[in-house]
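Asks: Mind looking over this structure? Questions follow.
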Amino acid sequence: MRISFCQGLLTGAIILNLLILYYVSRAQQQMMEKRKELGRGTRRASLPASGFGGGLGGLIGPGGEPGVAGVEGHSRGPRVTVLLREFENFENYVGDVANSFLRQRPELPFLAVADMSPYPPLVLPDGARLLMLSPSPDQPPQAHRPEFHVQTEFVLLVPDGVELEQPRAIERLIRELEGEGGGPVRLVAAPVLARSAVQCLHLRVNLREWTATYSPAASGSSGSVCTALQGDAVVLIRTEDLFNLSVPLGRPLFSSLFVQTALRGWKVKLLESPCFSANHRPLFSSAHNQWKADTRLKEATGKLMRSFGLKRLLFPEGKEQWYGCSKETHRCFGTVQDDTPDYLYLDRWTPPCCLRALRETTKYVINILESSGVRYWLEGGTLLGAVRHQDIIPWDYDVDLGIYLEDVSNCDHLKNLDSGSLVDANGYVWERAVEGDFYRVQYSEANHLHVDLWPFYPRNGIMTKDTWTEHKQDVEFPEHFLQPLVPMPFAGINAYGPNNPRAFLELKFGEGVIENPQYPNPTKKRLDRSKL
């Protein structure tokens, strides 16, 4: 078979790409092997800077000789890279920090890391390097990957403006970390004097519920062990641990670092001493620059939490911070297919912001129905949630209420909805559903989280309706379940439900439905009850 010129060119391009991928992989593997050799105390030879953007030159000490760490009197290559990640372009002291560390410990590699090339440009002393994480089309991929630029056993993460006054302070941190013997303590920290007091916190990250919860822990005492820090501190971590994180140098650094380490069960040990100094206080010279820094911190935190899938943060003082949907935004998930929202495929439950919006909408609708004289009851999965949780089922995505069809004319929000929709004074959208003869109340015009109102009417003692869904629980039922309706706790209020909720639910869903939770469509996604 004759091969055309274009086919040959394409084949050659594919082969070339495979070769590039192969050699990049080999280079990364060699870097990791050499780092492990360093961790066993072997002397490291410098790798050539060419091909790595000059990023590996930090292994060479003054005069071209291998650096000396001076740990326990042994002559060896440096064990620690000093890394500064958190600084602002418009005002920083990165050069001063580098000078401080290199003046005391000239053999230590010093690396400043920025997302893009800083402007104004940084002025760094000899021995300090700048790494940009943003890729450049004229550079190989390893030029912008920090794991290729750190060739020591440990990394010392330092905040902007910090100074090293005690040369042996770094060895103290190393001894403390090595003394933990590879247990749950995988980071060691020391406070920064004359800055915001560092606080030890316990951090629990629940990805299934899109939530991170910070709670108080012992703060500032010698040897405090916790899962997160708040405030200014210098942190030592093994290089291998740092670069085994999914986002090793995300910003804000502490927020990114401790979310990831907490999920792995790692702990941080906060020492009372040694301390690091900070002559630049406050860090910013004007209120305007402080405002700019605070604004950027807020933006970076929001971006980070959304990338991690964290929509709700709870802080020790009781404050909440939300990064999910609101009345002004779209909801957090798209059109639901096969009764299985997309988040269930990610092994997550309904985002907390969506549950909050559903609760608000439900309370609002129930208040209007009650004040208008419309008889209603909790229906289907919503009733099931009330019986099981006194709330919405944690993985549900809407709320269902049954109403008496003959009462619709009592409610001004419903009686004129034969066509179009109504946006009320509080921004809720009332409309007749396009899927059939029922009503829908949406959280807002932008956010379509909703409560469905299903009009039933009695016929020969049986409650029926004109629009049916394909759900097996959508069936007729005896009216005696509604005579009388009884109050029951739901989503923080008392709502009305059938007088025998167990029998009502088992009629609709089957026997044992309350005790045996399951996702709406088990053929698509089954609930792992062992994780409940």
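Asks: Any idea of the accessible area per residue across the stretch 216-282, 1.4 Å probe, to the nearest Å²? Can you show the working numbers first?
Replies: Values: 2350 Å² over 67 residues.
Here the per-residue accessible area is 35 Å².
Asks: Give the cross-link partners of residue 269 among the aspartates and glutamates, using a straight C-alpha distance below 16 Å as the criterion and excluding same-chain residues fewer than 8 apart.
Replies: Cross-link targets: 171, 176, 178, 180, 232, 241.
Asks: With a cut-off of 8 Å between alpha carbons and a minimum separation of six or more residues, what is the relative contact order of the stretch 326-478 in percent?
Replies: Values: 249 pairs, mean separation 34.4, N = 153.
For the stretch 326-478, the relative contact order is 22 percent.
Asks: Tell me, what % of the accessible area of the stretch 391-532 is carbon and sulfur with a 1.4 angstrom probe? Intermediate values should be presented prior to the final figure.
Replies: On the way: 3290 of 7070 Å².
That fraction is 47 percent.
Asks: While we're looking at this one, here's another question. Could you give the length gained by full extension between residue 360 and residue 335, i.e. 0.36 nm per residue of separation minus their alpha carbon distance, to one decimal place?
Replies: On the way: separation 25, 0.36 × 25 = 9.00 nm, distance 2.11 nm.
So the extension gain works out to 6.9 nm.
Asks: Another question about this same structure. Pairs 327/465; 298/319; 363/525: which exceed 20 Å Cα-Cα?
Replies: On the way: 327/465 32 Å; 298/319 15 Å; 363/525 30 Å.
Cα-Cα > 20 Å for 327/465; 363/525; rest within.
Asks: Just to verify a number: FRET efficiency for residue 448 and residue 225, C-beta to C-beta distance, R0 = 56 Å, to 0.05?
Replies: Values: r = 46 Å, r/R0 = 0.82.
E(calc), rounded to 0.05, equals 0.75.
Asks: Just to be sure I understand the curve: with the Debye formula and one point per C-alpha of the stretch 181-334, what is log10 I(q)/I(0) at q = 0.13 Å⁻¹?
Replies: The calculated log intensity ratios at q = 0.13 Å⁻¹ are -0.66.
Asks: Restricting to Cα atoms and excluding each atom paired with itself, what does the Kirkwood estimate give for the stretch 134-243 in Å? Intermediate results must be reported in sequence, preceding the final value.
Replies: On the way: mean 1/r = 0.0618 Å⁻¹.
Across the stretch 134-243, the inverse of the average 1/r is 16.2 Å.
Asks: What is the distance in Å between the Cα centroid of the stretch 338-372 and that of the stretch 484-501?
Replies: Here the two parts' Cα centres lie 17 Å apart.
Asks: I would also like to ask the following. List the GluC sites (Glu not before Pro) in the stretch 452-488 that DSSP assigns to loop (not H, G, I, E or B) and whose Cβ has at most 10 other Cβ atoms within 10 Å. Which are they? Walk me through the numbers before you get to the answer.
Replies: Values: sites: 470, 476, 479; in loops: 470, 476.
Sparse-neighbourhood loop GluC sites (Glu not before Pro): 470.
Asks: Compute the distance in nm between two label points, each set 7 Å from the Cα along the Cα-to-Cβ direction, one at residue 419 and one at residue 459.
Replies: 2.8 nm
Asks: To make sure I understand the rule: partners must be aspartates and glutamates, Cα under 12 Å from the Cα of residue 311, and not fewer than 8 residues away in the same chain. Which ones qualify?
Replies: 209, 320
Asks: Related question: Calculate, in nm to one decimal, what residue 346 and residue 479 gain on full extension: separation in residues at 0.36 nm each, minus their alpha carbon distance. Show your work: numbers first, answer last.
Replies: Details: separation 133, 0.36 × 133 = 47.88 nm, distance 4.02 nm.
Full extension of this stretch gives 43.9 nm more.
Asks: Indicate the gyration tensor shape class of the stretch 440-532 (rounded, prolate or oblate), computed on the Cα atoms with a ≥ b ≥ c the square roots of the eigenvalues: a/c under 1.5 is rounded; otherwise a/b larger than b/c is prolate and the rest oblate.
Replies: Details: a/c = 1.43, a/b = 1.17, b/c = 1.22.
Note, shape of the stretch 440-532 comes out rounded.
Asks: Give the calculated FRET efficiency between residue 471 and residue 297 to the nearest 0.05, with a Förster radius of 35 Å applied to their Cβ-Cβ distance. Write out the running numbers ahead of the final one.
Replies: Working: r = 47 Å, r/R0 = 1.33.
FRET efficiency, residue 471 to residue 297: 0.15.
Asks: Quick one: length gained pulling residue 246 to residue 406 fully straight, 0.36 nm per residue minus the C-alpha distance? List each step's numbers first, then the result.
Replies: Values: separation 160, 0.36 × 160 = 57.60 nm, distance 5.77 nm.
Separation in residues times 0.36 nm, less the Cα-Cα distance, equals 51.8 nm.
The values are calculated or read from the model by the stated rules, or taken from the named source; none is laboratory data. Note that the structure is a prediction, hence the values are computed from the model and not measured. Note that we place each Cβ from the backbone using ideal geometry, even for glycine, and neighbour counts take in every protein chain shown. To get the accessible areas, we keep the full protein, side chains included, count just its heavy atoms, and leave off ligands, DNA and RNA. Shrake-Rupley method; radii C 1.70, N 1.55, O 1.52, S 1.80 Å.
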